[in-house]
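Working notes for the structure below.
The values are calculated or read from the model by the stated rules, or taken from the named source; none is laboratory data. Fair warning: this is a prediction, and the values are worked out from it, not measured in the lab. No Cβ is skipped: glycine too gets one built from the backbone with ideal geometry, and neighbour counts run over all protein chains shown. When the accessible area is computed, the model is the full protein with side chains, heavy atoms only, and any ligands, DNA or RNA have been set aside. Shrake-Rupley method; radii C 1.70, N 1.55, O 1.52, S 1.80 Å.
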Amino acid sequence: MNLENTQLGKYELHAEIGLGGMGVVYRGYDPALARPVAIKILASHLAREEKFVERFMREARAAARLRHPHIVTIYDVGEESGRYYFVMEYLEGRSLSQILRQQDQLSTDEALSILSQLADALDAAHAQGLVHRDVKPANVIADDQGQVTLTDFGLVQAAREKRLTTTGETIGTPEYMSPEHAMGEKVGPPADLYSLAIVAYEMLSGAVPFDADSTPAILHKQVYEPPPPIAARCPDLSLAVDAVLRQALNKDPEARHSSGTDFVAALQDALASKAPLGIAAQPGKGLTKMMPKWKAPLPAAGAVDQPPPA
């Protein structure tokens, strides 16, 4: 049901800005505080599951307690006429997935800036016992000042317990999913750090390390195959970068870096190191410093990713 230009509780619903397995997101307006908001409404078929709704609301309230400059702020959680929803800040900017579609890959400075902000956000959440479980470019919004915000925080555990598997409803994204998540095991902070490392790999190389024609094939690679050396795809990166990414993408959660900050620090050192370059390095094609290219004014993405035009 399209709810554009209707009311939900005290909030006005304007344009639909995102759709996923858990529900739909609208750009809305809070007339009491005179501010734009993003409103995520739980899908109707999930709203009929009492235990799922209880867990969804509990997770939403837990995420609402997070206060961090790089984590989207949740303002409200509620229910109206059988529709369960939460209200979050409306973010101006573009998702990282939109940026990568337009730029293919980022400079090392751009990548490190984004990664350091995401690492701070994840470390802060992990310190409070919360795990994101779906770190990916679509859940990262960057504004025209280079400020990065992680969205949809901590709200997928309820869906994961429901084991959604129908088309379009798989919870978690195979290309960014840790081996333990792919095998249905309990996930903790190391799973988020694994996903963060895949985001790093993609920003630096222009491609995710594990890809295939089907979800089962991708998950098989996540569980059993080592990541392709990034130096083979980006010969101007040193072998030290490969070493850092191999540790971050280790199949054993305990073998990964102890925190997001540790991972980014190790990656920064590797990118600046004088270690041998990768395969078929081209002389004179060193690391370059570039200004962020996402600073051009563009339509707002809200708090979720938007699909590319058909």
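Of all residues in segment 77-107, how many are within 21 Å of Arg27 (Cβ to Cβ), open to solvent by 60 Å² or more (accessible area, probe 1.4 Å), touching a Leu at 6+ places or on another chain (Cβ under 9 Å) and in contact (Cβ under 8 Å) with a residue 40 or more places away in the chain?
2
For residues in segment 108-145 being open to solvent by less than 10 Å² (accessible area, probe 1.4 Å) and over 18 Å from Ala191 (Cα atoms), which is nearest to the chain's Cα centre (by Cα)?
Among those that are open to solvent by less than 10 Å² (accessible area, probe 1.4 Å) and over 18 Å from Ala191 (Cα atoms), it is Ile141.
What pairs come out if I take residues in segment 42-67 that are among the charged types (D, E, K, R) and pair them with residues that are part of a helix (DSSP H, G or I) whose C-beta lies under 6 Å away, six or more apart or interchain?
Hits for this filter: Arg55/Ala158; Glu59/Gln157; Glu59/Ala158.
For Glu12, indicate whether it is among the acidic types (Asp, Glu) and open to solvent by 70 Å² or more (accessible area, probe 1.4 Å). If you could, list the steps in order and put the result at the bottom.
Details: among the acidic types (Asp, Glu): yes; open to solvent by 70 Å² or more (accessible area, probe 1.4 Å): no.
Considered against the rule, which asks whether it is among the acidic types (Asp, Glu) and open to solvent by 70 Å² or more (accessible area, probe 1.4 Å), Glu12 comes out as no.
Considering only segment 72-164, give the helices (runs of 4 or more DSSP H) lying wholly within it that have at least 1 residues that are among the hydroxyl-bearing types (Ser, Thr, Tyr) and either under 30 Å from Ser238 (Cβ atoms) or at pLDDT 95 or above (or both). Talk me through it step by step, then tell me what you get.
Values: elements: 96-103, 108-127, 157-162.
Output list reads 96-103, 108-127.
Of all residues in segment 205-228, how many are open to solvent by less than 10 Å² (accessible area, probe 1.4 Å) and not in a loop (DSSP other than H, G, I, E, B)?
Counting residues in segment 205-228 that are open to solvent by less than 10 Å² (accessible area, probe 1.4 Å) and not in a loop (DSSP other than H, G, I, E, B) gives 2.
Residues being of a type outside the set (Ser, Thr, Tyr), part of a loop (DSSP other than H, G, I, E, B) and at pLDDT below 95: count how many of those fall in segment 165-187. Please lay out each step first, then the result.
To start, the set of residues in segment 165-187 that are of a type outside the set (Ser, Thr, Tyr) comprises 168-169, 171-172, 174-175, 177, 179-187.
The next check asks that each one be part of a loop (DSSP other than H, G, I, E, B); those that pass are 168-169, 171-172, 177, 183-187.
Filter once more, keeping what is at pLDDT below 95: 168-169, 171-172, 183-187.
Qualifying residue count for the region: 9.
Would you confirm, using the coordinates I've provided, whether Ala231 is of a type outside the set (S, T, N, Q), open to solvent by 20 Å² or more (accessible area, probe 1.4 Å), at pLDDT below 95 and touching a Leu at 6+ places or on another chain (Cβ under 6 Å)? Steps first, please.
Details: of a type outside the set (S, T, N, Q): yes; open to solvent by 20 Å² or more (accessible area, probe 1.4 Å): no; at pLDDT below 95: yes; touching a Leu at 6+ places or on another chain (Cβ under 6 Å): yes.
No, not satisfied.
Going through Ala43, Ala63, Ala38, Ala47 one at a time, which residue ends up being within 19 Å of the chain's Cα centre (by Cα), at pLDDT below 90, surrounded by 13 or more Cβ atoms within 10 Å (Cβ to Cβ) and under 25 Å from Gln7 (Cβ atoms)?
Values: Ala43 fails: within 19 Å of the chain's Cα centre (by Cα); Ala38 fails: at pLDDT below 90; Ala47 fails: within 19 Å of the chain's Cα centre (by Cα).
None of the others qualify; the one that does is Ala63.
Within segment 234-273, which residues are within 14 Å of Leu112 (Cβ to Cβ), open to solvent by 60 Å² or more (accessible area, probe 1.4 Å) and more than 20 Å from the chain's Cα centre (by Cα)?
Gln268, Asp269, Ala272
Residues being modelled with pLDDT of 95 or more and within 19 Å of the chain's Cα centre (by Cα): count how many of those fall in segment 1-25.
Result for segment 1-25: 0.
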